[in-house]
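Participant: This is the structure, below, for whatever I ask next.
The values are calculated or read from the model by the stated rules, or taken from the named source; none is laboratory data. Keep in mind it's a predicted model, so treat the numbers as computed, not measured. Cβ placement follows ideal geometry from the backbone for every residue including glycine, while neighbour counts extend to all protein chains displayed. Side chains included, ligands, DNA and RNA excluded: accessible areas come from the protein's heavy atoms. Shrake-Rupley method; radii C 1.70, N 1.55, O 1.52, S 1.80 Å.
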Amino acid sequence: MRNQILKDENDRVDGIYKVTGKAKYFAEYELPGLTYGVLVTSTITKGKITSLDTKAAEKAPGVISVLSHLNKPSAPAYEQEGGPALKIFYTDKIFFNGQPIAIVVANTFERATYAASLVKATYAKESFNTDFEKAVSDASSKKLQGQPDYKRGVEDAYKTAEVSIEEEYHLPIETHNPMELHGIIADWRPNNQVTVYAKTQGVKATQGTIANVFKIPIENIQVNSEFVGGGFGMALRTWPLEIATVMASKHISKPVKVVITRMQMFTMVGNRPAAVQTIGLGAKKDGTLTGITHRAFGETSVYENFTEGVVNMAKFMYQCDNVNTQYSVVPVDLGVPIWMRGPGEATGAFALESAIDEMAHALDMDPLVFRTKNDPEKDQQRNKPFSDKNIKEAYRVGAQKIGWSERKNKHGSLVDGQWKMGYGVSIGVFNANRGRASVKGILKADGSLVLQSATSDIGPGTGTGMTLIASKLLGIPVDRIKFELGDSSLPPAPSQGGSATLSTVGSAVNDVCVSLKSTVAELAANANMDATSNFVDVLKKNNLPSIEVTKQSQAGKEREEFSMYSFSIHFVKVKVHSLTGVVKVDKIVSVGDSGTIVSPKTARSQMVGGAVGGVGMALTEESIIDHRYGRYINNNFADYHVPVNADIPEIEVHFINKPDPHINPMGAKGMGEIALIGFSAAVANAVFNATGKRIRTLPITPDKILA
Amino acid sequence: MINFQYLRTTTAKSAIALLLKDKNSKFIAGGTNLIDLMKRGVTAPDKLIDINHVPLKNIEQVGNNIIIGALASNTAVAENALIKDKLPLLAMALNAGASAQLRNVATVGGNMMQRTRCGYFYDTEMPCNKRTPGSGCGAIGGFNRMHAIFGTSENCIAVHPSDMCIALIALDTTVVLANAKGERKILFKDFHRLAGDTPQLDNNLKPDEMIIRLEIPVNNLSKNSHYTKVRDRASYAFALISVAVGLEIVNNKITDVRLAMGGVAHKPWRLTESENFLKGKEATLENFEQAAKLAMKDAKGFGENDFKLKMAPNSIIEALTVAKSKA
């Protein structure tokens, strides 16, 4: 962030910028000679383009160019075997409805939009299937891809347990739907110099993809993405539409901007894949878990596979000697999915944490007592101790704050007129990652510090967290520190995903600050100054305007010795209207156990955002397709129901805030995913507690309550 | 770009004159629905006649009628002291609709003219008899969770989307329309149409006419009135089922009652038979249940909306119960 205003650790470095409109997003960059691209999309779901009439579009006012597979704009990687699965404008094959088949570039957005409507395609249609549930039931005999099976102890031990349950859970497609629409500005200049303004969770990843597709040196490509208006995972890859834009810019030697429509956000930039899961649980009558089986099918596309960690949690979250998991993906004729916040773990946690609640009910035990009883001392999957885990404390804190003692184990006990009240709980867990990142630090004689890294901030507050780490280590006031990101020319860092940025980049910030500190100490000694001298005095005495250091940082052997996870406990109180079936979340308490809390305000915001996303996943969000046509029906913000303020009650966030002694120098673990993981199960469990109705298909809409 | 002519006028007379000049012209007021339809390619008028400056924003009582100008904004009506006092049902229904931002610009006349939110109507790649007569109904056999259970035809099962209109039909509203020759009045219940064989027509407004104002008789229902809206989220969502209720109760006896439902038909759905049943009866749960049962005669589900067959009577009972409980 440049020229940030940050008065204390309660402020975000970019807060003022965001609320005053000064934060500049990709689509807001004005380049000289900028042109506007609009994508034409397929109106069939599967088959081939037999003809494409672009004449009318080409003749329309203001149109500069129309690109499609007919003119195959140059992208060398698409000429080769392998390479990207969906070779945009290199194929006449249609894999899904809404697939980009041409781009129209004009001198205004409105003219491009109109001209795009004039492009007429004819197709040879083929039969298709977009219905994931149908695909799963048809798939049983087929060989499916996925992940290796996992087995510990006896397979399907639940079947012979004293008490057992076996249930199936269904999740629909969810669409990320960040506020900011996806797109890119691409400027291909002579000598193959390319500058892009992107909406991306990884500037280095975007840079690498463009270099790879167009076979030009990586250093020719400059990617800028200082502000991102929400990603939730959908900006973790460079999508075909972005490649199309770069192609167009190269083709016409002008900068081209593409911003897709809200409707195109449903088809072009991924989704949380639908899933069908079966959980089998076995326990002794005293509540000791004796068997966990988790089998899952996830949605994927026909042209490219997508897998995620749906069944991870079952392997280690509970003490149990007999665990087996299976995960396969089943292709449908839709665009390829991508991670959506919490990703597969959130999908899996809905099933597992609902099933845990169902087992507690079958045992007539309080679900908190049941969970505590089966809380593992070590990670049985990896046979390692946890680096740090304070689940029992988190249970205690959350239970007290939500008023768990008011809960009755018998469902339907709490009634207020037509409203039935219930309480639910669920755990979330996600791998506490730490990757490799480099950070450059420039300590200046004017008392300021600049830190640079090619990381991103899609909203969690990266710049704020990094600034606070440096401020604490160097004693520099936060308003004298700048953290620069979102620029591919800065020292490399991984994409922002998997809750790893604070741990990964923060560690490099730590190392840079430690190094700067020792350099200052050396300089002080050289100048015969006191070792505790202020760095400003030391630099001045040494006649240095600034000193700089770049450090690469990554995890060491500690990851072999310990199993590292972040945890969350979600408590919700709901009320369910017995006549109308409306579910209202009445109170939320989320407790995070993710090591040291570096930035209290942004950490709280992460948990609040996760809870809101969790309410959406639990109660309202579902992307609906008419499978006769393979087209989305509710592809707009009126019909795809993201929760509104009126759906969200008081949210209390608490943190254990104890340093993980092993993960990294800060003792801090990521929390973007755990904020959401498990949340939907807590709601479903609360609905059951209120009504006795177990809803195993999300979202829990009023019709399902009345059914 | 699909170009269109934009004209602005300041009198109803000139607005109607402009409308007559060009068959493919439309009035625009708040534009909260029309602009969507133009963007989606559902409609492409040659001429937009901006009527926002026509002085039809009055809200007043004249004799026994409350008069509401066609261009009063939804917010202006919902927050008007007279309306809140004498017609709280209308204020409740308005506030249950759309979002605050939309209500600020949406007008009473525009609200009456808004088109269905059926997904097939908005997607020009899909069949829809309302958009393209003869192309078929996508919702029959398709996604019809939001769709009608009363008065459907084989051509169209779309629902009328307004909340305001559900209150207006319950309140025995009269609509005043004007053409170049003068004014005419029709009952609000006769303003909207069932789909029948002409699903492309939502209402009985003639091509040369303009909505001028509403006339709503004052009543004794304001104390015990209620608007129940059941929807998938707490705001900015169309009704799965909505119920408008006004009760006049004397010594626990129902002396007057109005009942209408939304989210169930191609037009606001007045529950006359249920009203007739309740009149003169005790305001008891048993009678409410019986009234709800009567309302469901001839209801028919289309698969995904079968739940409405249960949600609708439940919502009637809920609305009646809440209305009765108001002190």
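Participant: Report the Cα centroid-to-centroid distance between region A:119-149 and region A:593-670 in angstrom, as an integer.
Facilitator: A separation of 30 Å, based on Cα centres.
Participant: Rank A:GLU79, A:GLU622 by accessible area, highest first, at a 1.4 Å probe radius?
Facilitator: Output order, biggest surface exposure first: A:GLU79, A:GLU622.
Participant: Hey, can you find the accessible area per residue of chain B for me, probe 1.4 Å, expressed in square angstrom?
Facilitator: 40 Å²
Participant: Quick check: the distance between the Cα centres of region B:221-280 and region A:675-707, to the nearest angstrom?
Facilitator: The two parts, judged by their Cα centres, are 29 Å apart.
Participant: I would also like to ask the following. Starting with the highest mean, order A:168-175, A:517-524 by the number of other Cβ atoms within 10 Å, averaged over the residues of each peptide.
Facilitator: Top to bottom by mean Cβ count within 10 Å: A:168-175, A:517-524.
Participant: Shifting gears a bit: Binning every alpha carbon pair distance of the protein assembly as shown at 20 Å from zero, what are the percents per bin?
Facilitator: Values per bin, smallest distances first: 12, 38, 36, 12, 1, 0.
Participant: For chain A, return all DSSP H helices satisfying: extent of Cα atoms along own axis at least 20 Å; mean Kyte-Doolittle hydropathy at least -0.5.
Facilitator: Helices passing the filter in chain A: A:343-362, A:501-526, A:600-615.
Participant: If you take the square roots of the eigenvalues of the alpha-carbon gyration tensor of region B:224-325 and sort them as a ≥ b ≥ c, do you get rounded (a/c under 1.5), prolate (a/b over b/c) or oblate?
Facilitator: It is prolate, given that a/c is not under 1.5 and a/b is the larger ratio.
Participant: Of the heavy-atom accessible surface of region B:224-325 (probe 1.4 angstrom), what whole percent is carbon and sulfur?
Facilitator: C and S atoms contribute 49 percent here.
Participant: What are the lysines whose alpha-carbon lies under 17 Å from the alpha-carbon of A:LYS517, with same-chain residues fewer than 8 places away excluded?
Facilitator: Leaving aside lysines fewer than 8 places away in the same chain, those within reach of A:LYS517 are A:LYS440, A:LYS444, A:LYS472, A:LYS540, A:LYS541, A:LYS551.
Participant: Continuing with this model, one more query. Quick one: how many Å² of B:ILE140 are accessible to a 1.4 Å probe, rounded to 10?
Facilitator: Counting only protein heavy atoms, the figure is 60 Å².
Participant: Another question about this same structure. Quick check: at a probe of 1.4 Å, how many percent of the accessible area of region B:5-47 sits on carbon and sulfur atoms?
Facilitator: 53 percent
Participant: Can you give the accessible area per residue of region A:473-587, in Å², using a 1.4 Å probe?
Facilitator: Per-residue accessible area for region A:473-587 comes out at 41 Å².
Participant: As a test of reading the structure, rank B:LYS13, A:LYS482 by solvent-accessible area (1.4 Å probe, protein chains only), most first.
Facilitator: Largest accessible area first, the list is B:LYS13, A:LYS482.
Participant: How much accessible area does B:THR321 have with a 1.4 Å probe, in Å² rounded to the nearest 10?
Facilitator: 50 Å²
Participant: So which residues in region B:89-130 end up with at least 40 square angstrom less accessible surface once the other protein chains are there, compared with the chain by itself, probe 1.4 angstrom?
Facilitator: Listed by number, the residues meeting the 40 Å² cut-off are B:GLU125, B:MET126.
Participant: What net charge is computed for the residues neighbouring B:PRO313, neighbours being all others with C-beta under 12 Å from the C-beta of B:PRO313, Lys and Arg scored +1, Asp and Glu -1?
Facilitator: Once positives and negatives cancel, what remains is +2.
Participant: Next question, about the same structure. If you take the beta carbon distance between B:LYS181 and B:LYS279 as r and set R0 to 56 Å, what does 1/(1 + (r/R0)^6) give as a FRET efficiency, to the nearest 0.05?
Facilitator: 0.90
Participant: Rounded, prolate or oblate: which one fits region B:1-156, using the alpha carbon gyration tensor with axes a ≥ b ≥ c (rounded when a/c is under 1.5, else prolate when a/b beats b/c, else oblate)?
Facilitator: Verdict is oblate for region B:1-156.
Participant: With a 1.4 Å probe and all protein chains kept in place, how much accessible area does A:SER605 have, in Å² rounded to the nearest 10?
Facilitator: About 60 Å², ignoring ligands and nucleic acids.
Participant: What is the calculated FRET efficiency for B:GLN5 to B:GLU209, with r their C-beta to C-beta distance and R₀ = 22 Å, to the nearest 0.05?
Facilitator: So the FRET efficiency works out to roughly 0.60.
Participant: Just checking the output field for A:626-636: average partner chain Cβ neighbours within 10 Å of each residue's Cβ?
Facilitator: Per residue, the average neighbour count from other chains is 5.
Participant: Shifting gears a bit: Output the relative contact order of chain A, whole-number percent, from Cα pairs under 8 angstrom with separation of 6+ residues.
Facilitator: 16 percent
Participant: Given a 1.4 Å probe and no ligands, DNA or RNA in the count, how much accessible surface is buried by A and B, both sides, to the nearest 100 Å²?
Facilitator: By this definition, chains A and B bury close to 2700 Å².
Participant: Could you tell me which residue out of B:THR116, B:CYS128, B:GLY142 lies farthest along the dipole of region B:100-147 toward its positive end? Charges go on the beta carbon: Lys and Arg +1, Asp and Glu -1, centred on the Cα centre.
Facilitator: B:THR116
Participant: Multiply the residue separation of A:THR122 and A:GLU167 by 0.36 nm, subtract the distance between their alpha-carbon atoms, and state the gained length in nm to one decimal.
Facilitator: 11.6 nm
Participant: Loop-only check: which trypsin sites (Lys or Arg not before Pro) in region A:598-663 are DSSP coil with at most 15 other Cβ within 10 angstrom?
Facilitator: Sites meeting the loop and neighbour criteria: A:ARG628.
Participant: Partner chain Cβ atoms within 10 Å, averaged over the residues of A:643-650 - can you pull that number for me?
Facilitator: So the per-residue partner count for this stretch is 3.
Participant: In region A:665-707, which residues become less accessible by 30 Å² or more once every protein chain is in place, relative to the chain on its own, using a 1.4 Å probe?
Facilitator: A:PRO702, A:ASP703, A:LEU706
Participant: Can you compute the helix-only [θ] at 222 nm over chain B? Use -39500 (n - 2.57) per DSSP H run of at least 4 residues, normalise by all residues, nearest 500 deg cm²/dmol.
Facilitator: After summing the helix terms and dividing by residue count, I get -7500 deg cm²/dmol.
Participant: Could you work out, residue by residue across A:571-583, how many beta carbons of other chains sit within 10 Å of that residue's beta carbon, and then give the average as an integer?
Facilitator: 4
Participant: Which of the aspartates and glutamates could a cross-linker span from B:LYS300 if the Cα-Cα distance has to be under 17 Å and same-chain partners fewer than 8 positions apart are dropped?
Facilitator: Counting by Cα, and skipping residues close in sequence, B:LYS300 has these aspartates and glutamates nearby: A:ASP703, B:GLU154.
Participant: Moving to a separate point now. First measure r as the distance between the Cβ atoms of A:VAL19 and A:GLU558, then evaluate 1/(1 + (r/R0)^6) with R0 = 35 Å and state the FRET efficiency to the nearest 0.05.
Facilitator: 0.30
Participant: For region B:305-327, which residues drop by 50 square angstrom or more in accessible area between the chain on its own and all protein chains together (1.4 Å probe)?
Facilitator: B:ASN314, B:GLU318
Participant: Leaving ligands, DNA and RNA out of it, report the carbon-plus-sulfur percent of the accessible area of chain A at a 1.4 Å probe.
Facilitator: 49 percent
Participant: Let me check I've understood the local charge: for A:LYS575, count other residues with C-beta under 15 angstrom from its C-beta, Lys and Arg +1, Asp and Glu -1. What total comes out?
Facilitator: Cβ neighbours under 15 Å give a net charge of +1.
Participant: By average Cβ neighbour count within 10 Å, what is the ranking of A:198-210, A:112-124, A:85-97 from highest down?
Facilitator: Per-residue Cβ counts within 10 Å, averaged per peptide and sorted highest first, yield A:198-210, A:85-97, A:112-124.
Participant: For B:ASP172, what charge total do you get from the other residues with a beta carbon under 10 Å from its beta carbon, if Lys and Arg give +1 and Asp and Glu give -1?
Facilitator: Its environment carries a net charge of +2.
Participant: At most 11 other Cβ atoms within 10 Å and a DSSP loop assignment: could you name the trypsin sites (Lys or Arg not before Pro) in region A:125-198 that fit?
Facilitator: Hits after loop and neighbour filter: A:LYS142, A:LYS143.
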